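**Q** After the structure tokens below, expect a handful of questions from me.
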Amino acid sequence: MHKDFFKNNKRLIGHFTGKPKGPAVIIFSGIHGNEDAGVKASKKIIKRIEKDNIPVKGNLFFVYGNSKALKLKKRYIDTDLNRIWSTEHIQKLKKMVKAEMISEEREQIEIYLLIKDIIEYCSGKFYFIDLHTTSSKTFPFITISDSLNNRKFSSAFPLPTVLGIEEYLPGPLLTFMNEFGYIALGFEAGQHDDIESIKNCESFIWRSLIHTGSVKKKALNDYQNISDQLLKSRCTNKYRFFQIVFRYEIRPEENFKMLAGFENFEEIKKGQLLAENNGVEVRAVKSGRIFMPLYQNQGDDGFFIIRRVSKFWINASIVARKLHAHNFLRILPGVKKDPENKYILIVDPKTAKFMAKQIFHLFGYRQQVLKDNKLHFIKRDRKILPFP
Ligand SMILES: [Zn+2]
């Protein structure tokens with residue numbers, strides 16, 4: 001493939017290619033059209049790389065998420081572009097013509113084809129990054145599927161990391177990339193319109209570029225300032241893990257209203273009044289911290305509740321996974337391997353109840369779906385698989 005292959009791709013905000021031996025860093029922004037901080041930060045970084053002639057190793061791509069929604073400053077046009085990623089859906093789109101597709105499907109197929117070209121074209125280690133902002137006030141944080149390689153990458157940032165969001169949300173782009181063994185990390189930079197969110201994205205991108213070896217630290221004379229940006233806000237200067245324990249889903253046509261003033265990560269008590277839905281009180285079903293409370297019209301996650309994951313658990317799970325102790329899960333009654341996919345365990349719900357989800361999490365399995373009355377747990381640690 002020719003070097004200029006990506007030159008006229010409208011999906012690209014920018015592309016840099018340098019010494020062939022190097023990582024491939026792919027940065028998406030605006031997959032939610034009302035979240036353009038990442039786009040603005042990407043443009044600033046592109047300008048800086050060009051102006052200062054900063055050498056880039058390997059390949060660096062900046063990609064538009066939902067381009068039509070970004071133009072209209074809407075979260076999405078027909079459906080959430082970050083909830084429709086699955087191999088089945090992609091295969092379906094491949095058989096359709098664009099006129100049959102809804103707006104987000106047209107965006108999706110373009111992004112998919114670009115990713116496919118990138119994977120074919122680049123040879124280095126791949127890093128997929130997706131930049132977001134939230135409707136509530138928040139300090140910056142990371143979301144990942146809980147694989148050891150994702151954890152390792154996220155540990156390069158002084159930020160809280162939230163595990164297992166994919167158990168609650170169907171079809172995010174990054175979970176899809178994870179399925180094929182790629183490192184994929186989501187960054188939530190702050191509130192949608194907060195100017196700090198753009199700065200946080202910039203800082204996060206530069207840190208990523210340094211950490212992946214895409215850009216050398218000494219090429220940036222102000223690196224200290226740039227990287228310190230992420231330390232500015234309260235609570236961010238600690239690397240620690242949280243996991244989601246509850247999701248409040250808003251159904252179509254429901255009139256959900258979050259109580260004013262909740263900040264992301266704020267502690268809440270069981271029974272505390274959090275919101276109103278169709279005029280009925282919504283109270284916390286458990287104690288923990290409120291996560292991503294919804295303060296906008298579009299979206300169907302009212303809020304989540306998260307809890308801190310202990311250091312002990314994190315370390316125990318590293319040991320368990322490195323020893324391949326998950327093999328032991330397969331010999332338990334009510335648990336069997338999926339004959340078609342070695343990364344899936346099919347589990348009798350009674351067994352799952354008895355064993356608690358935590359055990360599966362410990363060994364790197366996340367609950368995905370209920371199929372034929374069985375729970376399917378999907379292993380997050382995996383080798384690179386062929387991209388469909
Ligand atoms: Zn988002």
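The values are calculated or read from the model by the stated rules, or taken from the named source; none is laboratory data. Because the structure is a prediction, the values reported are computed rather than measured. With ideal geometry, Cβ positions are generated from the backbone for all residues, glycine too; neighbour counts draw on all protein chains shown. The protein model used for the area step is the full one, side chains on, heavy atoms only, and it has no ligands, DNA or RNA in it. Shrake-Rupley method; radii C 1.70, N 1.55, O 1.52, S 1.80 Å.
**Q** Note down the nm distance, to one decimal, between modelled labels 7 Å out along Cα→Cβ at Arg48 and at His89.
**A** 3.3
**Q** I want to verify the translational diffusion coefficient of the chain in µm²/s; compute it with Stokes-Einstein, Rh as the Kirkwood radius over Cα pairs, at 10 °C and 1.306 mPa s. Walk me through the numbers on the way to the answer.
**A** Working: Rh = 21.8 Å.
Here the translational diffusion coefficient equals 73 µm²/s.
**Q** Using label points projected 7 Å from each Cα along Cα→Cβ, tell me how many nm separate Lys7 and Lys342, to one decimal.
**A** That separation, rounded to one decimal, is 4.3 nm.
**Q** When ligands, DNA and RNA are left out and all protein chains stay put, how many square angstrom of accessible area per residue does region 265-388 have with a 1.4 Å probe? Kindly include the intermediate steps, with their values, before the conclusion.
**A** Numbers: 7100 Å² over 124 residues.
The answer is 57 Å² per residue.
**Q** Semi-axes of the equivalent ellipsoid for region 325-379, please: Cα gyration tensor eigenvalues, times 5, square-rooted, ordered largest first, whole Å.
**A** Working: eigenvalues 37, 34, 23 Å².
Each semi-axis is the square root of five times an eigenvalue, giving 14, 13, 11 Å.
**Q** Can you give me the accessible area per residue for region 1-59, using a 1.4 Å probe, in Å²?
**A** Working: 3070 Å² over 59 residues.
Heavy-atom SASA per residue in region 1-59 reads 52 Å².
**Q** Hey, rough spin-label estimate for Lys218 and Asp372, points 7 angstrom out along Cα→Cβ, what's it come to in nanometres?
**A** That separation, rounded to one decimal, is 6.0 nm.
**Q** Count the DSSP beta bridges whose two residues both fall in region 3-231, then state the antiparallel fraction as a percent rounded to the nearest 5.
**A** Numbers: 8 of 30 bridges.
So the antiparallel bridges amount to about 25 percent of the total.
**Q** Sketch the reach of a paramagnetic label on Glu100 as a point 7 Å from Cα along Cα-to-Cβ, and name the residues of region 65-79 whose backbone nitrogen lies under 19 Å away.
**A** 79
**Q** Which of the peptides 299-311, 178-190 is most tightly packed, and how do the rest follow, judged by the mean count of other Cβ atoms within 10 Å per residue? Show your work: numbers first, answer last.
**A** Working: 299-311: 17.9, 178-190: 24.3.
Most protected by this proxy first, the peptides run 178-190, 299-311.
**Q** Which translational diffusion coefficient, to the nearest whole µm²/s, is obtained for region 165-276 from the Stokes-Einstein equation, given a Kirkwood hydrodynamic radius over C-alpha pairs, 4 °C and 1.567 mPa s? Please list the in-between numbers first.
**A** Values: Rh = 17.5 Å.
Taking Rh from Cα pairs, D becomes 74 µm²/s.
**Q** Now for a different question. Can you give the Kirkwood hydrodynamic radius of region 3-231 from its Cα pairs, in Å with one decimal?
**A** Details: mean 1/r = 0.0565 Å⁻¹.
Kirkwood radius, region 3-231: 17.7 Å.
**Q** Pull up all non-local amide H partners of Met258: gap of 5 or more, or a different chain, and H-to-H distance under 5 Å with H placed in the peptide plane.
**A** Glu276
**Q** Enumerate the calculated ³J(HN,Hα) couplings along region 89-104 in order (Karplus 6.51 cos²θ - 1.76 cosθ + 1.60, θ = phi - 60°), each rounded to whole Hz, writing x wherever the residue is Gly or Pro.
**A** For region 89-104, the Karplus curve yields 5, 4, 4, 5, 4, 4, 8, 9, 9, 4, 4, 7, 8, 7, 3, 5 Hz.
**Q** For Ile384 and Lys152, calculate 0.36 nm times their separation in residues minus their Cα-Cα distance, and state this gained length in nm to one decimal.
**A** Numbers: separation 232, 0.36 × 232 = 83.52 nm, distance 1.64 nm.
Difference between extended and current length: 81.9 nm.
**Q** Around Lys152, under 14 Å between beta carbons, what's the net of Lys plus Arg minus Asp minus Glu among the other residues?
**A** On the way: positive: Lys125, Arg151, Arg321, Lys322, Arg380; negative: Asp146, Asp381.
Spelling it out: positives minus negatives among the neighbours equals +3.
**Q** Cβ neighbours within 10 Å, averaged per peptide: list 20-32, 51-63 in order, most packed at the top. Intermediate values should be presented prior to the final figure.
**A** Numbers: 20-32: 23.7, 51-63: 19.2.
Per-residue mean Cβ counts within 10 Å order the peptides as 20-32, 51-63.
**Q** Given region 325-379, what count of lysine pairs have C-alpha atoms under 15 Å apart, with each pair 8 or more places apart or on different chains?
**A** Lysine pairs meeting both conditions in region 325-379 amount to 13.
**Q** From Cα pairs below 8 angstrom and at least 6 apart in sequence, can you work out the relative contact order of the chain, rounded to a whole percent? Don't skip to the end; give the middle numbers.
**A** On the way: 766 pairs, mean separation 58.6, N = 388.
Across the chain, relative contact order equals 15 percent.
**Q** Related question: Give the percent of DSSP beta bridges with both residues in the chain that are antiparallel, rounded to the nearest 5.
**A** Details: 41 of 68 bridges.
Antiparallel bridges: around 60 percent, rounded to the nearest 5.
**Q** Order 218-225, 92-99 from most to least packed using the mean count of other Cβ atoms within 10 Å. Write out the running numbers ahead of the final one.
**A** On the way: 218-225: 11.9, 92-99: 10.4.
Result, highest mean first: 218-225, 92-99.
**Q** Moving to a separate point now. Counting only protein heavy atoms and a 1.4 Å probe, tell me what percentage of the chain's accessible area is made up of carbon and sulfur. Can you show the working numbers first?
**A** On the way: 9770 of 18540 Å².
Carbon and sulfur together cover 53 percent of it.
**Q** Now, a different point. Can you show me the helix-derived [θ] at 222 nm for the chain, built from DSSP H runs with n ≥ 4 at -39,500 (n - 2.57) apiece and divided by the number of residues, rounded to the nearest 500.
**A** Dividing the helical sum by the residues of the chain leaves -9000 deg cm²/dmol.
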